[in-house]
Amino acid sequence: MISKSCLFFTLITLWQASRWMCETMEIPISIGEQQFQIQLEDGADAESAIKQMTERFKRVLSNEISRRVQDNILDVDLNLDGQQVRLRFKKGEDIVAKVEQFVTERGLTPEAGQQLSVEVLRRATMRDFLPLLFHEVHVDGGQILQLPVYAGQSPDTAVTDFIEKQQLLPDFKDQLVKDLHVNLVGRGLAPLGTFNFASSATGEPVSLSLFVGENMTEKVEALCTQSAMSTTDCEEVHQEITRALKKEKLLPVHEFPININQVPQILRVFDGETAGQALKKFSAQHQLDENAMKELEVKLRERLINEGIVPVVVYPVRLASGGPPVTFPLYKGANLTSTVQDFGHKHSLSPEDAASLTVELQSELRKDGLAPLVEFNFDIGGKKAILPLFQGQNVTQQVLEFGEAHGISAPTYASILSEVDARLKSQGLAPLLSFDLDWQGAPLTLPYYKGTDLKQVVGEFIALHSLPASAEPALLQQLTQRLTALGHLPLLRLPIHIQDKEELLDVYTGENATQAAERFMSRLGLAPSLVPQLAAEVERKMKAAKIIPLREFAIGFGGQELAFALYFGESVDAAVVRFLSLHSSLPASSRPALSQEITRRATQEGLLPFLQVPFNLEGKEVMLPLFHGQDVTKEVEAFGSAHGIQPASMPILHQAVQQALTKYTSASSL
């Protein structure tokens, strides 16, 4: 721009030149962007011409100065409490700092100051007084440069000016233009895209510009209505725009509304972008701390799983063909069996391997709480209702919620709860029992699941409570005794040979030999007619194992009849002591008479030997017991054979036994 002093000098020079010029002269003068021609003809009055031109120059110069001042000055007129106030800013001045100073001086509230800042910045941006945004550009050496973009300026123009000013290589331009465009689009300062179509009704060209945050469906419908397009053509336009935007990553594949500090925000996931990448970008934009990011990650993953965008779980599967594990993804709502079949076809799995994989994955899903441990089918009012139970859920609470959802009565609720509990226990999915095991005077609770290995259960219990390994035998014995007494472990397991195959017959607490034999024969589908024979053998084994008494005697005391049990291998004296301890009301003085009576009865029934004949074999005394009802000769022969006595010595054995019998008979007759 020409200064006043320069203009005055120019005019004086022209006046002086006119004094000696004798022909027409044209002098070009440029003021601002305007060009002028001053003509001085021969004999013209130079002073008059200069005067006329001076007035003209003054007007032009005044306009130019005003324009330049307006370009560099921003006035913001405000109404504060009914008073008009003008804020003036110079170009390049820190607007935010000046607004803050103004707010402090005027004593405005923070909210009013915030509104003032927003308004000032809006006007500054509209006037090109401030850039729309500064785009960060990373260059070599870790330096970050700020690329300003003004209103109405295209990304290409902004980048070209920036590269020239910063003297960067032109190779940066294409990528920089693309990055800047994405930034502008993301901030709503440039359209996601502009799409041109021909109206199916009129054939005239139709254009649609779409910005971030705008409802694409509503804009397309408005365009279709305005252009009188058919519903079919409108749907095609919508689909075409959607495909184009997603392909260019200008339209997110998924959008998730999220509240950040009670302010609604949108987390967008674009095509080809992982949820983790989108989350990291979103967290950086909103300056989320680590805890907030983790919480958001959990919510986002839950949403992605529920919408079937990412798999519920991905398991590594090793194929029989070898090589690294192959990932097996499972999405929410997908049928495991069908998914495994598809996986098996793709990787050439045999039907057996596919079935095994299904079982293995089902187990893993249950452990992870991603598949129900069990599902119960109930008929509620003629309609089928399913109750799924997952790992870690409170069974009572789940049944209660199930009952409320289906409006069942209290008796039905109790029946369902009982059925669920019984089935969970039978399948080993809930503790069959909980025991308080004693360790050094401290009761510790141990849950027991049906079918679990006792040693493993006790080992885990010891590890959980940090007990010494030496505690295992005592705890194992306690657990075994309690489970056996409650009928959850067999008292006795008998190997039975059936058709060259060994089967185990279990006898439980409270069960007699006949019941055990019947249950065994029924399980194997054998003829019931064999039960008596098998029951007799089971009873003999039970007596030998002291599970049932060898014999029970009815003993009368004080007008009441009591059962006296004598077990296999148990002495009469020991049995009497046990009997008296069970019946503390009986006097201890009754012990001799009771022992004599039980000995007599047991001897008569062949449970105790009536006579024991001593023999000295190789310096050791060996007794030959004789019971009522036995063939004495056969018993002597069996005794001799068992102890390796020579046939020549057997007559001596028989003679000694006959003498002992004679002596016993004589004593008994007295």
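Would you mind finding the one in V313, V298 that is under 24 Å from the mean Cα position of the chain (by Cα) and either open to solvent by less than 50 Å² (accessible area, probe 1.4 Å) or among the charged types (D, E, K, R) (or both)?
Numbers: V298 fails: either open to solvent by less than 50 Å² (accessible area, probe 1.4 Å) or among the charged types (D, E, K, R) (or both).
So the residue among V313, V298 that is under 24 Å from the mean Cα position of the chain (by Cα) and either open to solvent by less than 50 Å² (accessible area, probe 1.4 Å) or among the charged types (D, E, K, R) (or both) is V313.
In the stretch 478-498, is there at least one residue being open to solvent by 80 Å² or more (accessible area, probe 1.4 Å), in contact with a Phe, Trp or Tyr (Cβ under 9 Å, 6 or more places away or on another chain) and either of a type outside the set (A, V, I, L, M, F, W, C) or closer than 24 Å to A575 by Cβ (or both)? Before the answer, list the steps.
Going through the stretch 478-498, the residues open to solvent by 80 Å² or more (accessible area, probe 1.4 Å) turn out to be 481-482, 486, 493, 497.
Then keep just the ones that are in contact with a Phe, Trp or Tyr (Cβ under 9 Å, 6 or more places away or on another chain); that gives 482.
Those left that are additionally either of a type outside the set (A, V, I, L, M, F, W, C) or closer than 24 Å to A575 by Cβ (or both): 482.
There is at least one residue in the stretch 478-498 that is open to solvent by 80 Å² or more (accessible area, probe 1.4 Å), in contact with a Phe, Trp or Tyr (Cβ under 9 Å, 6 or more places away or on another chain) and either of a type outside the set (A, V, I, L, M, F, W, C) or closer than 24 Å to A575 by Cβ (or both).
Give me the pairs: first residue in the stretch 623-652 and in a strand (DSSP E or B), second residue open to solvent by 80 Å² or more (accessible area, probe 1.4 Å), beta-carbon distance under 9 Å, and six or more apart or on different chains, which are they?
If the second residue must be open to solvent by 80 Å² or more (accessible area, probe 1.4 Å), the pairs left are M623/Q612; L624/Q612; P625/Q612; L626/Q612.
Let's see how each residue does on (1) surrounded by 15 or more Cβ atoms within 10 Å (Cβ to Cβ); (2) under 29 Å from Y315 (Cα atoms):
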{"residue": "P351", "(1), (2)": "no, yes"}
{"residue": "K383", "(1), (2)": "no, no"}
{"residue": "L387", "(1), (2)": "yes, yes"}
{"residue": "Q397", "(1), (2)": "no, no"}
{"residue": "E401", "(1), (2)": "no, no"}
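Just to verify a result, which residue in the stretch 513-567, among those that are farther than 30 Å from A593 by Cβ and among the acidic types (D, E), is most open to solvent (accessible area, probe 1.4 Å)?
Among those that are farther than 30 Å from A593 by Cβ and among the acidic types (D, E), it is E518.
Quick test of your reading of the structure: L288 fulfils all but one of (1) out of contact with any strand residue (DSSP E or B) (no Cβ under 7 Å at 6 or more places or on another chain); (2) part of a helix (DSSP H, G or I); (3) closer than 17 Å to I266 by Cβ. Name the failing condition by number.
(2)
Could you check how many residues of the stretch 161-193 are more than 30 Å from K246 (Cα to Cα) and either in contact with a Phe, Trp or Tyr (Cβ under 6 Å, 6 or more places away or on another chain) or touching a residue at least 60 places away in the same chain (Cβ under 8 Å) (or both)?
Qualifying residue count for the region: 0.
Count, please, the residues in the stretch 593-627 that happen to be farther than 27 Å from I645 by Cα and open to solvent by 90 Å² or more (accessible area, probe 1.4 Å).
Total satisfying the criteria: 3.
Regarding L444, is this residue in contact with a Leu (Cβ under 6 Å, 6 or more places away or on another chain) and modelled with pLDDT of 75 or more? Give the steps one after another, and end with the answer.
Numbers: in contact with a Leu (Cβ under 6 Å, 6 or more places away or on another chain): yes; modelled with pLDDT of 75 or more: yes.
Yes, satisfied.
I need every pair where a residue in the stretch 477-504 that is more than 17 Å from P447 (Cα to Cα) and touching a residue at least 40 places away in the same chain (Cβ under 8 Å) has its Cβ under 8 Å from the Cβ of a residue that is open to solvent by less than 70 Å² (accessible area, probe 1.4 Å) and of a type in the set (G, A, S), sequence separation at least 6 or different chains.
What qualifies is L491/A545; L492/A545.
Counting only residues that are within 12 Å of F256 (Cβ to Cβ) and in contact with a Phe, Trp or Tyr (Cβ under 7 Å, 6 or more places away or on another chain), how many does the stretch 291-311 have?
Number satisfying all stated conditions: 2.
Those residues that are of a type in the set (A, V, I, L, M) and farther than 19 Å from K425 by Cα, I need them from the stretch 360-385; list them, please. Break it down into steps so the answer makes sense when it comes.
Quick first cut of the stretch 360-385, residues of a type in the set (A, V, I, L, M) only: 361, 365, 370-371, 373-374, 380, 385.
Of everything in the stretch 360-385, those that are of a type in the set (A, V, I, L, M) and farther than 19 Å from K425 by Cα turn out to be L361, L365, L370, I380, A385.
Quick one: what pairs do we get from the stretch 435-461, first residue of a type in the set (S, T, N, Q), second assigned to a strand (DSSP E or B) and surrounded by fewer than 16 Cβ atoms within 10 Å (Cβ to Cβ), C-beta under 8 Å, 6+ apart or different chains?
T445/S434; T445/D436
If I ask for residues that are part of a strand (DSSP E or B) and more than 21 Å from A544 (Cα to Cα), which ones from the stretch 557-572 would you list?
First, pick out the residues of the stretch 557-572 that are part of a strand (DSSP E or B): 557, 560-566.
Correct list: F557, Q560, E561, L562.
Would it be correct to say that S466 is assigned to a helix (DSSP H, G or I), out of contact with any strand residue (DSSP E or B) (no Cβ under 8 Å at 6 or more places or on another chain) and surrounded by fewer than 12 Cβ atoms within 10 Å (Cβ to Cβ)?
Working: assigned to a helix (DSSP H, G or I): no; out of contact with any strand residue (DSSP E or B) (no Cβ under 8 Å at 6 or more places or on another chain): yes; surrounded by fewer than 12 Cβ atoms within 10 Å (Cβ to Cβ): yes.
No; evaluated as a whole, the condition is false for this residue.
Exactly one of these conditions fails for K98: (1) under 16 Å from D75 (Cα atoms); (2) at pLDDT 80 or above. Give me its number.
Here K98 clears every test but (2).
Quick test for you: out of L373, L357, L400, pick the one residue that is in contact (Cβ under 8 Å) with a residue 40 or more places away in the chain and more than 30 Å from T484 (Cα to Cα). It would help to see each step written out before you state the result.
Details: L373 fails: more than 30 Å from T484 (Cα to Cα); L400 fails: in contact (Cβ under 8 Å) with a residue 40 or more places away in the chain.
Only one candidate qualifies: L357.
Residues in the stretch 506-517: is at least one touching a Lys or Arg at 6+ places or on another chain (Cβ under 8 Å), assigned to a helix (DSSP H, G or I) and modelled with pLDDT of 85 or more?
No; the residues of the stretch 506-517 include none that is touching a Lys or Arg at 6+ places or on another chain (Cβ under 8 Å), assigned to a helix (DSSP H, G or I) and modelled with pLDDT of 85 or more.
When you scan the stretch 133-141, do you find a residue that is at pLDDT 70 or above, under 50 Å from the mean Cα position of the chain (by Cα), loosely packed, with under 12 Cβ neighbours inside 10 Å and part of a strand (DSSP E or B), even just one?
yes
Residue under question is P324, and the condition is that it be assigned to a loop (DSSP other than H, G, I, E, B), free of Cβ contacts under 8 Å to residues at least 12 places away in the same chain and within 30 Å of I309 (Cα to Cα); does it hold?
Considered against the rule, which asks whether it is assigned to a loop (DSSP other than H, G, I, E, B), free of Cβ contacts under 8 Å to residues at least 12 places away in the same chain and within 30 Å of I309 (Cα to Cα), P324 comes out as yes.
Give A575, A536 a once-over and let me know the one that is under 27 Å from R493 (Cα atoms), hydrophobic (A, V, I, L, M, F, W, C), assigned to a helix (DSSP H, G or I) and in contact with a strand residue (DSSP E or B) (Cβ under 8 Å, 6 or more places away or on another chain).
Details: A536 fails: in contact with a strand residue (DSSP E or B) (Cβ under 8 Å, 6 or more places away or on another chain).
Just one listed residue meets the conditions, A575.
Just one of (1) in contact with a helix residue (DSSP H, G or I) (Cβ under 7 Å, 6 or more places away or on another chain); (2) assigned to a helix (DSSP H, G or I) trips up Y315, so point out which.
(2)
What's the total number of residues in the stretch 579-592 that are open to solvent by less than 70 Å² (accessible area, probe 1.4 Å) and closer than 17 Å to P549 by Cα?
Residues meeting the conditions: 2.
Kindly indicate the residue of the stretch 199-221 that is part of a loop (DSSP other than H, G, I, E, B) and farther than 15 Å from L245 by Cα and also least open to solvent (accessible area, probe 1.4 Å) among those meeting that condition.
Step one: of the stretch 199-221, the residues part of a loop (DSSP other than H, G, I, E, B) are 199-204, 211-215.
Now drop any that are not farther than 15 Å from L245 by Cα, which leaves 199-204.
On the way: S199: 6, S200: 65, A201: 62, T202: 85, G203: 53, E204: 114 Å².
Out of the qualifying residues, it is S199.
Take the stretch 393-418 and flag every residue that is in a loop (DSSP other than H, G, I, E, B) and within 24 Å of the chain's Cα centre (by Cα). Talk me through it step by step, then tell me what you get.
The first filter runs over the stretch 393-418 and keeps only residues in a loop (DSSP other than H, G, I, E, B), leaving 393-394, 407-409.
Across the stretch 393-418, the qualifying residues are Q393, N394.
Pick from F195, F162: which is at pLDDT 75 or above, more than 30 Å from V99 (Cβ to Cβ), among the aromatic types (F, W, Y) and open to solvent by less than 80 Å² (accessible area, probe 1.4 Å)?
Numbers: F162 fails: more than 30 Å from V99 (Cβ to Cβ).
Criteria check complete, one pass: F195.
For residues that are outside any strand (DSSP E or B) and open to solvent by less than 50 Å² (accessible area, probe 1.4 Å), scanning just the stretch 327-345, find the one that is nearest to E302 (Cα to Cα).
Restricting attention to the stretch 327-345, the residues satisfying the condition of being outside any strand (DSSP E or B) are 331-345.
Still in the list and also open to solvent by less than 50 Å² (accessible area, probe 1.4 Å): 334, 336, 339-340, 343-344.
On the way: A334: 16, L336: 20, T339: 21, V340: 23, F343: 25, G344: 28 Å.
Across the stretch 327-345, the extreme among qualifying residues is A334.
The values are calculated or read from the model by the stated rules, or taken from the named source; none is laboratory data. Just so it is clear, the structure is predicted and the values come from calculations on it, not from any experiment. Don't worry about glycine lacking a Cβ; one is built from the backbone with ideal geometry, like all the others, and counts go over all protein chains shown. Quick note on the areas: whole protein, heavy atoms, side chains included, nothing else; ligands and nucleic acids left out. Shrake-Rupley method; radii C 1.70, N 1.55, O 1.52, S 1.80 Å.
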